[in-house]
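> Sharing a structure, written as structure tokens. Questions coming.
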Amino acid sequence: MSSFAAHGSAARAFDLQRHSDLGAALAEALRTYRHNPCLVERDRGAVVDALTYAEFAQRADRVRAALSGFGPGARVGLAMANGPRWLLAAYAALRQGLVLVPLDARQEPASLARLAAHAGLELLLCDTGVAARLRRHAAELPPAARVVVSRPPEGELPAGWLSWDAWLPAEAAPVPAPAARERADVAAIVYSSGTSGDPKGCLLTHGNYLSQAEVLANLYPLEEDDVYLSILPTNHAIDFMCGFLVPLLCGARIVHLRTLRPEAIVEACREEGVSHMAAVPAVLEAFERSLRARLDGLPRIAQGGLEAFRRANRWLTRRRPSHAISRQLLRPVHDAFGGRLRRIFAGGAWVPPATARFLYEFGLPVVIGYGLTEAGAVVAVNDLRPFRADSVGPPVPGTEVEVRDRDRQGIGEVWVRGPSVFAGYLDDPARTAEVLIDGWLRTGDLGAIDAGGHLKLLGRAKDMIVTAGGKNVYPEEVEGALRVPAAAELAVFAAHTLWRAAPGADEALIAVARPREDVDEAGLRAALAQANRRLPAYQRLAGVAVTHEPFPRTTSLKLRRAQLAERVAAASTRAAVCSLDAPR
């Protein structure tokens, strides 16, 4: 067993210990920073809404008044795109002692109704699009649940449903007294499907969130003039914590953008002066492609000059990032992002090390971390001192990580213990007992801890492939090594998982790949064959199955491996797979 609890134990400047619940902590921030800009909502290149902290508090009071009929502990579902109304409703519910149930607004309506029923919602706040899809499943919602729609869709609403404006009382309506909660009380029920398609309601307490927010605000402080760009759905753990709680508690400004289009993200960064953001790997790779295209378009002399400044920046920031140095050396690159972008947080899916290194060398530090819903949000994160692209960093303060049942390479299952570990799964004691053991959370992830205390992840235990020769193969590691420009998407499987042979019957590695639009299948196979030859024999592909359909993913763009495997199995046979002439 290997364990570590790192990041040091320095005194913390940001202290939430005096608060027993999230509502009280956020209310104090609204009073403290009342004159600061709070929220900006952008859509199609324009600002459509903007609030100060004082205006946020005023609007939230009307929502609190609308919630006055619900007692502490009542469950309120949010199925809306990230934006001011999401945050207003979330804060108001927490201030009144209600339990938040963040839901995926893009989820299939039947699944959404099923989760609403499982959670026992008394109120569901949803977008117009969600309401339009949910109409046919209204009978499957909890009988007592009220539904409020952000903007009324065309036609009449089902009986008992209200529009947002009709639901809110008059501005002069009395605001109810806040309801205090204890740290052990449940603050949110977060449905975590991960990539398995089997949702679980994670019970997260006020103490879980307060401890995590305090830790992250001390590791990566946000100043009052900082701007956080929120592009990930707020129902996901990372944006709930880093795009809602931490910025508001620190008095920073949040910019909401409802698209992952790189050009829109860059425009928002430039026009709003964004200093921090979280991004999925697909966005990071798009940034890299954009920068490389820009470099390729420069005259050769200019390319050489920029490359020299890039090398200088790499050397000068080898121990820690320096925004001032990087911007001075690489001003054109930084000006394209508004000149203030200092940190890009990444996690939740495997981050290509080459992409992270490339962006860091241009002065755009990618903070790679690791977390899961059951642990609040973040378990480990890099501190950039120095930058490393090969790990997810040491555990955050107060959190312990152990790697158990290690093999000869030191790889085993990651177990986690700390104040942000959840209280269990809603109404599922059997599943809770499987993952919570003596205060430790079994993550199901495989990893190793190096001499410096950094955690390196290899993938999910259930996805690991054992070859006929007894070698362990981790799909994400092979996928990273096979990252070629010709492939828009790529995933690695054991053949038996695609064509339903018994484990051990056929452990040959098969890549499922989608070519980029400007690449034909022959070009994709040639690029993969070349990369394949550089791999150790036990990691080499036996063949590739080419698809032209986008891979199934969660709304945070995690790959749904099981769904992709089922699709490939239904569409092709083992005999149709193209060989890469890589004998095993």
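> Which of the residues belonging to the range 341-355 are in a strand (DSSP E or B), within 25 Å of Ala491 (Cα to Cα) and of a type outside the set (A, V, I, L, M)?
Phe345, the sole residue that qualifies.
Residues are listed down the side, and each one gets a yes or a no for (1) within 17 Å of the chain's Cα centre (by Cα); (2) under 14 Å from Arg357 (Cα atoms); (3) in the same structural domain as Asp43 (by TED's automatic domain parsing); (4) assigned to a loop (DSSP other than H, G, I, E, B):
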{"site": "Arg270", "(1), (2), (3), (4)": "no, no, no, no"}
{"site": "Glu285", "(1), (2), (3), (4)": "yes, yes, no, no"}
{"site": "Arg294", "(1), (2), (3), (4)": "no, no, no, no"}
{"site": "Glu307", "(1), (2), (3), (4)": "no, no, no, no"}
{"site": "Arg310", "(1), (2), (3), (4)": "no, yes, no, no"}
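> Sticking with this structure for a sec: Taking the conditions exactly as written (hydroxyl-bearing (Ser, Thr, Tyr) and out of contact with any Ser or Thr (no Cβ under 7 Å at 6 or more places or on another chain)), does Ser322 satisfy them or not?
Judged against the criteria, Ser322 is a match.
> So, Arg404, is that one touching a residue at least 24 places away in the same chain (Cβ under 8 Å), crowded, with 16+ Cβ neighbours inside 10 Å and outside the structural domain of Asp185 (by TED's automatic domain parsing) or not?
No; evaluated as a whole, the condition is false for this residue.
> Would it be correct to say that Leu162 is of a type outside the set (Gly, Ala, Ser), within 20 Å of Pro102 (Cα to Cα), in a helix (DSSP H, G or I) and modelled with pLDDT of 90 or more?
So Leu162 does not fit the description; no.
> Return yes when Arg135 is in contact with a helix residue (DSSP H, G or I) (Cβ under 9 Å, 6 or more places away or on another chain), more than 28 Å from Leu372 (Cβ to Cβ) and at pLDDT below 90 and no when it is not.
yes
> Give the range 33-48 a look and list any residue that's surrounded by fewer than 14 Cβ atoms within 10 Å (Cβ to Cβ) and on the phi < 0 side of the Ramachandran plot, or say none.
His35, Ala46, Val47, Val48, listed by residue number.
> Tyr370 is checked against (1) more than 22 Å from the chain's Cα centre (by Cα); (2) within 30 Å of Val466 (Cα to Cα); (3) buried (at least 16 other Cβ atoms within 10 Å of the Cβ) and fails just one. What number does that condition carry?
(1)
Here's the yes/no breakdown for (1) touching a residue at least 24 places away in the same chain (Cβ under 8 Å); (2) among the polar types (S, T, N, Q); (3) more than 17 Å from Gly339 (Cα to Cα):
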| residue | (1), (2), (3) |
| --- | --- |
| Leu291 | yes, no, no |
| Asp296 | no, no, yes |
| Gln303 | no, yes, yes |
| Glu307 | no, no, yes |
| Arg310 | yes, no, no |
| Arg314 | yes, no, yes |
| Arg318 | yes, no, yes |
| His323 | yes, no, no |
| Ser326 | yes, yes, no |
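> Next up: Do we have any residue at all in the range 202-215 that's closer than 25 Å to Lys558 by Cα, in a loop (DSSP other than H, G, I, E, B) and under 23 Å from the mean Cα position of the chain (by Cα)?
The answer is no, given that none of the residues of the range 202-215 is closer than 25 Å to Lys558 by Cα, in a loop (DSSP other than H, G, I, E, B) and under 23 Å from the mean Cα position of the chain (by Cα).
> Can you find a residue in the range 512-529 that is at pLDDT below 85, outside any loop (DSSP other than H, G, I, E, B) and buried (at least 17 other Cβ atoms within 10 Å of the Cβ)?
no
> Quickly run through the range 278-293 and pick out the residues that are closer than 12 Å to Leu557 by Cα and among the hydrophobic types (A, V, I, L, M, F, W, C).
If the condition is that a residue be closer than 12 Å to Leu557 by Cα and among the hydrophobic types (A, V, I, L, M, F, W, C), then Ala279, Val280, Ala282, Val283 are the ones that fit.
To keep it simple, each residue is scored yes or no on (1) crowded, with 19+ Cβ neighbours inside 10 Å; (2) in the same structural domain as Ala537 (by TED's automatic domain parsing); (3) of a type in the set (Ser, Thr, Tyr).
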| residue | (1), (2), (3) |
| --- | --- |
| Trp415 | yes, no, no |
| Gly418 | yes, no, no |
| Tyr425 | yes, no, yes |
| Ile437 | no, no, no |
| Arg442 | no, no, no |
| Gly452 | no, no, no |
| Tyr474 | yes, yes, yes |
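> Restricting to the range 373-391, what's the tally of residues that are buried (at least 23 other Cβ atoms within 10 Å of the Cβ) and under 21 Å from Val190 (Cβ atoms)?
Going through the range 373-391 one residue at a time, the tally reaches 8.
> Follow-up. Residues to consider are Arg442, Arg385; find the one that is charged (D, E, K, R) and either at pLDDT below 95 or in contact with a Cys (Cβ under 8 Å, 6 or more places away or on another chain) (or both).
Arg385
> Could you grab me the full set of residues in the range 243-268 that are closer than 30 Å to Gln17 by Cα and part of a helix (DSSP H, G or I)?
Once the filter is applied, which keeps residues that are closer than 30 Å to Gln17 by Cα and part of a helix (DSSP H, G or I), the range 243-268 yields Gly243, Phe244, Leu245, Val246, Pro247, Leu248, Leu249, Cys250.
> Pick from Val414, Val421, Val401: which is touching a Ser or Thr at 6+ places or on another chain (Cβ under 9 Å), under 29 Å from Tyr191 (Cα atoms) and not in a strand (DSSP E or B)?
Just one listed residue meets the conditions, Val421.
> Spot the failing condition for Asp239; the list is (1) free of Cβ contacts under 8 Å to residues at least 40 places away in the same chain; (2) assigned to a helix (DSSP H, G or I); (3) under 17 Å from Cys38 (Cα atoms), and only one is missed.
(1)
> Of all residues in the range 218-241, count the ones that are buried (at least 22 other Cβ atoms within 10 Å of the Cβ), among the hydrophobic types (A, V, I, L, M, F, W, C) and over 21 Å from Val186 (Cβ atoms).
5
> Quick one: in the range 414-439, which of the residues that are of a type outside the set (S, T, N, Q) and touching a Phe, Trp or Tyr at 6+ places or on another chain (Cβ under 6 Å) is modelled with the lowest pLDDT?
Per the stated criteria, the residue is Arg431.
The values are calculated or read from the model by the stated rules, or taken from the named source; none is laboratory data. The model shown is predicted, which means the values in this text are computed figures rather than measured ones. Reconstructed Cβ throughout: ideal geometry from the backbone, glycine too, with neighbour counts over all protein chains shown.
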